[in-house]
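The values are calculated or read from the model by the stated rules, or taken from the named source; none is laboratory data. From a predicted model like this one, the values you see are computed outputs, not experimental measurements. Methodologically, a virtual Cβ is constructed for each residue, glycine included, from the backbone with ideal geometry; neighbour enumeration extends over all protein chains shown.
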Amino acid sequence: MTAGGTKSRVVLVSGGSRGLGATLVQAFLDRGHRVATFSRAATDRTRRWAADPAVSERFHFQEVDATDRAGTRALVGAVAERFGTVEVLVNNAGLARDGLLPLMTEDDIDTLVDVDLTAVISLTRQVLRPMLLLDWGRIISISSVAGLTGHRGLSVYGAAKAALDGFTRGLAREVGSRGITVNAIAPGHLRTEMTHGLDAAQLEQIVRRTPLGRLGETEDVAPLALFLASEQAGFITGQTLVVDGGMTA
């Protein structure tokens, strides 16, 4: 049981070494869950979790590229061997590449679609098969408001995220009868590495367009992910829930 009295679950968060992913990993660890994550390289955060006696027995990290299908399959197997079947999957790993379509290369386009859509579908499929045997599961994908509204320079990224929302709705219908919910969270502009490349004028414009008058923090998203992963959210599925300070209201 977790500190809150609920059942301890096996949680897999993709791309959990920094930014929003690291905040999500910390939130699930704080609730007493067994948490696995992966990214292309270890960071200070992953090394601290692995060395912390308070959480190290409940934490698993491997260096894996999200687009490496064999690598993610091996990871899912390693997590199952150590903790048991993945019960909660958070598809967080993603790539945002700003660029006008005429100026983007074919490699840029392929990479964005592979990371933000195809890799998510592949990992979900790998986790879903054993999850079906449990008749219980939670699949949560981190989408973006760029998939709901148009953004200059983010047409390909927005297209991948819009497709991810469609995948969420379709899969929810496929697996709902087996006690598995499938939802997405669409954050607005968060204060993470993805906004560090914006200049002061761009950030000021975003803040002006946001009714709550500030950028989002990764901590604004984590509580929703925790709720969607819980037993209490068992009648919510096929939804894309927006966390953007009212910008798209």
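Assorted remarks:
- The set of residues in region 82-105 being hydrophobic (A, V, I, L, M, F, W, C), in a loop (DSSP other than H, G, I, E, B) and farther than 15 Å from Leu20 by Cα consists of Phe83, Val86, Leu100, Met104.
- Boolean, Gly77 is without any contact (Cβ under 8 Å) to a residue 40 or more places away in the chain, exposed (fewer than 14 other Cβ atoms within 10 Å of the Cβ) and over 17 Å from Val120 (Cβ atoms): yes
- Residues being surrounded by 17 or more Cβ atoms within 10 Å (Cβ to Cβ), touching a residue at least 60 places away in the same chain (Cβ under 8 Å) and within 14 Å of Phe38 (Cα to Cα) are entirely absent from region 96-116.
- Selection within region 220-242 - under 14 Å from Ile185 (Cα atoms), among the small types (Gly, Ala, Ser) and assigned to a loop (DSSP other than H, G, I, E, B): Ala229, Gly238
- Considering region 117-219, the qualifying helices (runs of 4 or more DSSP H), each wholly inside and each with 2 or more residues that are closer than 21 Å to Leu241 by Cα, at pLDDT 95 or above and not hydroxyl-bearing (Ser, Thr, Tyr), run over 119-134, 155-175.
- Residue selection: Gly16 fails the criterion of being closer than 23 Å to Phe227 by Cβ, of a type outside the set (D, E, K, R) and at pLDDT below 95.
- Test set (1) within 24 Å of Leu117 (Cβ to Cβ); (2) hydrophobic (A, V, I, L, M, F, W, C); (3) in contact with a Leu (Cβ under 7 Å, 6 or more places away or on another chain) - Val11 fails condition number: (3)
- Enumeration of residues in region 10-50 that are in a loop (DSSP other than H, G, I, E, B) and within 26 Å of Ala70 (Cβ to Cβ): Gly15, Gly16, Ser17, Arg18, Arg40, Ala41, Ala42, Thr43
- Complete set of residues in region 13-35 that are within 13 Å of the chain's Cα centre (by Cα), buried (at least 19 other Cβ atoms within 10 Å of the Cβ) and closer than 13 Å to Phe61 by Cα: Val13, Ser14, Gly15, Gly16, Ser17, Gly21, Ala22, Val25
- In region 51-70, of all residues being in a helix (DSSP H, G or I) and either touching a residue at least 24 places away in the same chain (Cβ under 8 Å) or in contact with a Ser or Thr (Cβ under 6 Å, 6 or more places away or on another chain) (or both), the one that is surrounded by the fewest Cβ atoms within 10 Å (Cβ to Cβ) corresponds to Arg69.
- Test: Ser122 is touching a residue at least 24 places away in the same chain (Cβ under 8 Å) and not β-branched (Val, Ile, Thr): yes
- Residue match in region 125-141 (condition: within 16 Å of the chain's Cα centre (by Cα), surrounded by 19 or more Cβ atoms within 10 Å (Cβ to Cβ) and more than 19 Å from Arg9 (Cβ to Cβ)): no
- Residues satisfying the stated conditions in region 207-249, i.e. within 15 Å of the chain's Cα centre (by Cα), touching a residue at least 40 places away in the same chain (Cβ under 8 Å) and surrounded by 15 or more Cβ atoms within 10 Å (Cβ to Cβ): Thr218, Val221, Ala222, Ala225, Leu226, Leu228, Ala229, Gln239, Thr240, Leu241, Val242, Val243
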